[in-house]
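Shown next, in structure tokens, is the structure this report addresses.
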């Protein structure tokens with residue numbers, strides 16, 4: 001998996017109350033972009049117009065594409081107009097400490113399957129990793145994914161997302177993707193369920 005990319009922006013707004021409203025709108029727009037994980041907004045303690053945004057992306061490319069969109073696209077014009085001055089804006093990576101937490105309210109997909117007869121486990125695992133790293137890990141709301149092998153030789157795919165709706169949407173997005181189709185060609189599905197972490 002590629003390293004999580006964090007965008008950190010510090011700036012001042014023209015009008016604190018109005019700026020919060022348009023920032024919320026911008027966050028909602030950005031959340032639908034590929035690679036988006038989370039946008040944590042901060043307010044200044046001593047200066048009501050001071051702001052800092054910490055935006056997490058699955059990879060640097062997604063962060064750069066989104067930054068260009070925020071800087072140029074018409075739908076972000078109100079957000080850009082609310083900013084008086086930008087102090088700094090840069091991208092960073094951190095050690096893999098748990099950048100995509102799974103918390104109460106997170107969605108989960110539990111897919112149980114077995115390899116088709118004649119399919120080597122090592123080939124199936126390689127196809128699974130390619131599917132997650134090239135496609136699933138870049139979907140909005142994706143958090144993490146684990147593959148579990150049971151004693152009877154079947155497997156359970158545990159896929160975590162920001163909420164159950166996103167887990168279902170990500171699963172629906174498998175259709176027509178080359179990496180997903182390659183993995184699916186190697187397995188026999190047993191069951192699939194969705195839920196929410198309490």
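Remark: C-alpha extents of the stretch 99-186 on the principal axes read 39, 30, 21 Å, sorted largest to smallest. Ordered by the number of other Cβ atoms lying within 10 Å of each residue's own Cβ, fewest first, 129, 75 fall into the sequence 75, 129. From the square roots a ≥ b ≥ c of the eigenvalues of the alpha-carbon gyration tensor of the stretch 1-55, which class results: rounded (a/c under 1.5), prolate (a/b over b/c), or oblate? It comes out oblate by the Cα gyration axes. Shape analysis of the chain yields a ratio of the Cα radius of gyration to the Kirkwood radius, Rg/Rh, of 1.06.
Specify the angular offset, from 0 to 90 degrees and rounded to the nearest 10, of the alpha carbon long axis of helix 60-72 from the longest principal axis of the alpha carbons in the chain. Result, in degrees: 40. The angle between the Cα long axis of helix 16-30 and the main principal axis of the chain comes to about 20°, on a 0 to 90 degree scale. Taking other Cβ atoms within 10 Å as a rough exposure proxy, 12, 149 sort from fewest to most as 149, 12. The separation of the stretch 137-162 from the stretch 48-125, counted between C-alpha centres, amounts to 18 Å.
Computed from the coordinates by the stated procedures, all read-outs in this text should not be read as laboratory data. Computed from a predicted structure; not experimentally measured. Don't worry about glycine lacking a Cβ; one is built from the backbone with ideal geometry, like all the others, and counts go over all protein chains shown.
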